[in-house]
Amino acid sequence: MTETGNAPATYPLGISWSDPFEILPVPALLERSVQRYGERPCLDFLGRKFTYAEVGALVDRAARGLQDQGLRKGERIGLFLPNCPYAVIMLFAVLKAGGTVVNFNPLYADHEVRHQIDDSGARFMVTLDHVSTYPKLSAMFGRSCLEKIIVCPMAGSLPFPQNWLYPLVKRADIAPFPADERHVTFKTLTANAAPPAPVNAIRSPISPCCNIPAARPASPRAPRCRIRISR
């Protein structure tokens, strides 16, 4: 790649490859976008569009719900989700609530799911009410440290009229689950009006969103730092 001055030729004029980035907690990036672009489309899933304001509100309510469920500072929560709106919403919600995101591959076999749950120490898992995902997690009760599953309805992420038709046409794809203390629906999780309790971002050598060491800085003089959530 050819360069003009300090910036690659593909960068706009006035932007340098070595420009420093402001250090922010990940949820703050979404909050800024909500403030600036509230009514603009943020997510488009199979024709269902969510604005930044809608996503921001769901993130806040889900974050508060996680705190009300007993989420502890730095606690790991597993996301057993395909690419869907819930994956975005719950990632930001976990971080905003002060937790650590552990991404799981929904295609994992049972023994791989069990190993990652125990290896990460995740008491909470989030998944869809789909036969390809939920049964793999429900089988982990009593076999791992899993205590609670947050179940998100596939129909809830679809546009009208698909959201009404899905339970009828795709009935065989919907996984039933009991209404007990080990299960929390996404609707119940977000049924609140209070904002999440605030958390503080401080410098730390470890990032809670991926739990890996800090990457090597671009400049030897650049400070090594990561974001850790604390309250």
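The values are calculated or read from the model by the stated rules, or taken from the named source; none is laboratory data. Predicted model, so just to flag it, every value in this text is computed and none were measured. Backbone-built Cβ (ideal geometry, glycine too); neighbour counts: all protein chains shown. Accessible surface is based on the protein model in full, side chains and every heavy atom, while ligands, DNA and RNA are left aside. Shrake-Rupley method; radii C 1.70, N 1.55, O 1.52, S 1.80 Å.
How far, in nm, would the chain grow between Ala109 and Ala155 when pulled straight, counting 0.36 nm per residue and subtracting the alpha carbon separation?
Going from the current span to full extension adds 14.1 nm.
Using the beta-carbon distance between Asn163 and Leu29 and R0 = 35 Å, what value does 1/(1 + (r/R0)^6) give for FRET efficiency, to the nearest 0.05?
0.75
Which FRET efficiency, nearest 0.05, do Asp119 and Lys73 yield, Cβ-Cβ r, R0 25 Å?
Between Asp119 and Lys73 the formula returns 0.80.
Reachable lysines from Lys136, Cα under 18 Å, same-chain residues fewer than 8 places away excluded?
Lys148
Just tell me which lysines come within less than 21 Å, Cα to Cα, of Lys49; anything on the same chain fewer than 8 places away is out.
Candidates past the 8-residue exclusion: Lys187.
Output needed: percent of Cα pairs per 5 Å distance bin for the stretch 1-110, bins running from 0 to the one holding the longest distance.
Using 5 Å bins, I get a P(r) of 2, 11, 16, 16, 15, 13, 11, 9, 5, 2, 0 for the stretch 1-110.
Considering only protein heavy atoms, what per residue accessible area in square angstrom results for the stretch 1-157 with a 1.4 angstrom probe?
Roughly 51 Å² per residue, with all protein chains present.
What does the charge add up to near Ala57, with Lys and Arg as +1, Asp and Glu as -1, over the other residues with Cβ less than 13 Å from its Cβ?
After counting each charged neighbour, the total is -1.
Mind ordering 169-179, 152-162, 188-198 by average Cβ neighbours within 10 Å, highest first?
152-162, 188-198, 169-179
Mind grabbing the accessible area of Asp68 for me, 1.4 Å probe, Å², rounded to tens?
Surface accessible to solvent at Asp68 totals approximately 100 Å².
Could you tally the net charge around Met154, taking each other residue with its Cβ under 15 Å from the Cβ of Met154, Lys/Arg +1 and Asp/Glu -1?
Every neighbour counted, the sum reads +2.
What FRET efficiency do you get for Phe45 and Ala179 if R0 is 41 Å and r is their Cβ-Cβ distance, rounded to the nearest 0.05?
E(calc), rounded to 0.05, equals 0.95.
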